[in-house]
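Worksheet: the structure to be examined is printed underneath.
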Amino acid sequence: MDFLGLFFKGWPLKYQLMFRLILLITVTGTVLTSISFSMQYNEGKSSRFMMMNLISNNINDLLMDFLAEIEGEAEAYKDLLTKASINNSEVKNQARIFIANHLKSNKYMDGFSIIDSKTGHMVRTMKNPEEKLLVAETISEGNQVFRSTLYENQGTPEQKIILTGSNENDPRHFDFYLEFKDNKKKGWFNSRGYSQNVLHGYPPILSYVVPLKDDSGALVGMLTLDFGVLQLQKYLMDITNKKMDRDYSFGGIPFVLERRNNKEIVVIGHPDPIYIETIPDPSIVSESNKFLILAEKHPDQRIRTFNKIIEKEYKENRDPFNQNSTGINVGKADDNSLWLYSWTATYPGQKPDWIIGVCVNRELAAASVIRSLRITLWVLGFLIIASVLISINNSRIMSKPLENMAKDVIEIGKGRIVFSSDSSLLVKEMIDLKDGIEKMKSGLLSFRKYIPYKVVNQVLASRKTAEPFAEKKELTIFFSDLENFTTISESLEPDKLVKLIGDHLAMCTNIIQSLDGTVDKYIGDSVMAFWNSPEDCKNHELKACQAALACQEQMVLFNERNKAEGLPHLKMRIGISTGTVFVGNIGSDDRLNYTAVGDTVNLASRLEGTNKTYKTWILISDNTAAEIRGQILTRPVDKVAVKGKANAILIHEVLALGENETPKLRKIIDLTMLGFDHYLAQRFQQAIDCYTQILDINKGDHLALFYIERCKGFLVFPPPSDWDGVHISNSK
């Protein structure tokens, strides 16, 4: 049982239960199949070897049967032509018409040709891409001059000449004719282009050549029965669809390679239709034929990988095109995927030099070892069927609830927590486990309310417990607070107070989180949040200002709802600053708080309080303003040295999104900038004039009113000579 436990490690429960039950039932039939199983085990010591032999032999047998069918038909046509007497043109034509009609019914056959040895007269019958029969006839015009004519519907009233070509070669000088003329033996010829000029634009063909002899044994003609490279590819495509996909499903293909006379290795068979429907890139094809793709440059990485195996075989003094046994090897493709290859030389030691190969994805094949073994276990078919039916039912009952719980736990690890119920649980341990998971969800959801949810998700994903740490990082800090809320809260009942604060904090939290912010903590009615941690956040300054504007916009709707319920009107002040802080798990080993500390944090808090001085609602630091210029409309407020900082900074008021700019708003901003420049230059009357113009546009402009009063005071009591425009703020 320990061995089985290791074997099943990592398997889904339903497959474990199913296989264990099948194993238990099939033990009774082991004796009956032990001999066959032992033989198969000895023939192939690995399941991959057995599988590749099976697939390779199967594909090889199918292709060899296909070739044998062509050879048989060629023999029949030879007998027909010999008996009809090839020298009798009328009888020969009748025989040719009979063969042509038979050709129409064979979708893989491309055509046939007959050459008269005496006259050189050649007639080729072939199919065009639309499956119509064409006839290319080459006749002698005397003085070694031959002319070819390509016909459509030859011999019928619809006969039409498609193309005529002069200066043809004598068909008796064609390579295949010369090769088979002397030995008068039949056989296959390497892939070749059409020899007649009128057919040069057609894809290459594969020919079975049969010399035609009279009763005395003298050569009277030559017959070729042809199927095109395209027909071979269609045949392989059918094999792939009917055999590979259904029975094996390992992402592999069958293919046929040819070694040509110049030692080039080309692909003459591939099941992908793209290599049937298009002419390849000229840079990847054979020198001798534009339709034949070189194996080393083939677009399919599986073919290129096999070509490397062939090169390795050559280096080890083995010729894969001339070996009688089945070859098996592993190759690594360009994308680092591993492929198992099995190949067989079609005619070892003879022409043509063809390899029939097949490949499968090694990972998929290894995962299917159990399925491949069923070939040796047909004797146990009845017992296996019975055990499968029983095991499927039992495994579904036992494993489905566990699968659901496993998915539930995975979702929890990703931070997606949803309560669920399952009344179908029957086993006590499963019921207890489900109850424990639901309790854990409640705890995590509660935990997430105390700590930023992004931090909780990171802890869950890391599979580690939280430890104290901090890192220096640039963050944008956000502080908000409600104006005079302490006074307001004294007039409210506790339940209404809690609901009012809760609704306000929920509104702010939803807006901040929707803009990728992290809510650090609630301090009474205040919110502290930051951007760019724990996850990096692009444009964090912009998103913080967008959140501030959205919060102020929602406060209007929030107050309208509260007014209908008799609740007080609330106003919110916001301070934002950007800078480098320390952020991380800060605290002790027993209690941690994911937060940020540093001057930038203090500055944001001080800016929130500084709103009270200028009667503004959103103030930001100069660092923040520099990053949002053009996207957020702001105006300068003052040079301020906030409490706790010796150096003064320029602070700005956020007015609106850049897309919401209006001519009036732009005028107010421009006048504010001009007035502030006059103020810093101690041109107080000019500053008053600018701010007064702002009041003409907006009578209640708080900043304009503030500066008019301040400048009037300086006109009466001028500042000291070393005055630099810095205002010392004591706001907390």
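List of remarks:
- Take the conditions (1) more than 27 Å from Ile728 (Cβ to Cβ); (2) outside the structural domain of Cys545 (by TED's automatic domain parsing); Gly630 misses just one of them, which is (2).
- Residue count for region 171-207 satisfying the condition of being basic (Lys, Arg), at pLDDT below 80 and not in a loop (DSSP other than H, G, I, E, B): 0.
- Cβ pairs under 7 Å, 6+ apart, first in region 254-266 and free of Cβ contacts under 8 Å to residues at least 40 places away in the same chain, second part of a strand (DSSP E or B): Glu264/Leu294
- Gln682 meets all of the listed conditions (1) touching a strand residue (DSSP E or B) at 6+ places or on another chain (Cβ under 7 Å); (2) assigned to a loop (DSSP other than H, G, I, E, B) but one, namely (1).
- Lys712 being basic (Lys, Arg) and in contact with a helix residue (DSSP H, G or I) (Cβ under 6 Å, 6 or more places away or on another chain): no
- Sole exception among (1) under 56 Å from the mean Cα position of the chain (by Cα); (2) surrounded by 12 or more Cβ atoms within 10 Å (Cβ to Cβ); (3) over 20 Å from Leu607 (Cα atoms) for Leu680, by number: (1)
- Taking region 101-143 as the region of interest, the strands (runs of 3 or more DSSP E) fully inside it that hold 1 or more residues being free of Cβ contacts under 8 Å to residues at least 40 places away in the same chain are 122-127, 133-140.
- Remark: pairs (first residue in region 497-510, closer than 17 Å to Ile574 by Cβ; second residue β-branched (Val, Ile, Thr) and surrounded by 16 or more Cβ atoms within 10 Å (Cβ to Cβ); Cβ separation under 7 Å; 6+ apart in sequence or on different chains) = Leu505/Val527; Cys508/Val527; Thr509/Val519.
- If the condition is being at negative phi, in contact with a strand residue (DSSP E or B) (Cβ under 6 Å, 6 or more places away or on another chain) and not polar (S, T, N, Q), then region 587-613 contributes Leu592, Tyr594, Ala596, Val597, Val601, Leu603, Ala604, Leu607, Glu608.
- Checking Lys563 against (1) without any contact (Cβ under 8 Å) to a residue 12 or more places away in the chain; (2) part of a loop (DSSP other than H, G, I, E, B), the condition it does not meet: (2)
- Residue check, Glu493 at pLDDT 85 or above and surrounded by fewer than 17 Cβ atoms within 10 Å (Cβ to Cβ): yes
- Selection within region 291-328 - outside any helix (DSSP H, G or I) and crowded, with 19+ Cβ neighbours inside 10 Å: Phe291, Leu292, Ile293, Leu294, His298, Asp300, Gly327
- Criterion violated by Ile523 - all others in (1) at pLDDT below 90; (2) of a type in the set (A, V, I, L, M, F, W, C); (3) surrounded by 13 or more Cβ atoms within 10 Å (Cβ to Cβ); (4) in contact with an Asp or Glu (Cβ under 9 Å, 6 or more places away or on another chain) satisfied: (3)
Yes or no, residue by residue, for (1) at pLDDT below 85; (2) under 22 Å from Trp617 (Cβ atoms):
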{"position": "Leu482", "(1), (2)": "no, yes"}
{"position": "Thr487", "(1), (2)": "yes, yes"}
{"position": "Leu500", "(1), (2)": "no, yes"}
{"position": "Cys508", "(1), (2)": "no, yes"}
{"position": "Thr518", "(1), (2)": "no, no"}
{"position": "Cys537", "(1), (2)": "no, no"}
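- Asn660 exposed (fewer than 15 other Cβ atoms within 10 Å of the Cβ), closer than 28 Å to Leu482 by Cβ and in contact (Cβ under 8 Å) with a residue 24 or more places away in the chain: yes
- Restricting region 146-160 to residues that are outside any strand (DSSP E or B) and not polar (S, T, N, Q) leaves a set whose member that is surrounded by the most Cβ atoms within 10 Å (Cβ to Cβ) is Gly155.
- Candidate set: region 568-596, residues that are closer than 24 Å to Asn539 by Cβ and aliphatic (A, V, I, L, M); chosen: the one surrounded by the most Cβ atoms within 10 Å (Cβ to Cβ): Ile576
- Condition check for Ala704: closer than 25 Å to Gly609 by Cα, touching a Leu at 6+ places or on another chain (Cβ under 8 Å) and surrounded by 15 or more Cβ atoms within 10 Å (Cβ to Cβ): yes
- A single member of Leu212, Leu206, Leu163, Leu225 is over 19 Å from Ser288 (Cα atoms), aliphatic (A, V, I, L, M), in contact (Cβ under 8 Å) with a residue 24 or more places away in the chain and crowded, with 24+ Cβ neighbours inside 10 Å, and it is Leu225.
- Filter result for the condition that a residue is in contact with a Leu (Cβ under 8 Å, 6 or more places away or on another chain) and not in a strand (DSSP E or B), over Glu659, Glu653, Glu608: Glu608
- The listed residue being over 28 Å from Phe485 (Cβ atoms) and surrounded by 24 or more Cβ atoms within 10 Å (Cβ to Cβ), out of Ile618, Ile628: Ile628
- Assessment of region 630-642 against the conditions (under 26 Å from Thr672 (Cβ atoms) and among the basic types (Lys, Arg)) yields at least one matching residue.
Let's see how each residue does on (1) in contact with a helix residue (DSSP H, G or I) (Cβ under 9 Å, 6 or more places away or on another chain); (2) among the charged types (D, E, K, R):
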residue: Arg259; (1), (2): yes, yes
residue: Val266; (1), (2): yes, no
residue: Pro271; (1), (2): yes, no
residue: Leu292; (1), (2): yes, no
residue: Asn317; (1), (2): no, no
residue: Phe321; (1), (2): yes, no
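- When region 474-521 is filtered for residues that are in a strand (DSSP E or B) and of a type in the set (Asp, Glu), the ones remaining, listed by number, are Glu474, Asp481, Asp520.
The values are calculated or read from the model by the stated rules, or taken from the named source; none is laboratory data. Remember, predicted model here, so these are calculated numbers, not experimental data. So basically every Cβ, Gly included, is an ideal-geometry build from the backbone, and we count neighbours across all protein chains shown.
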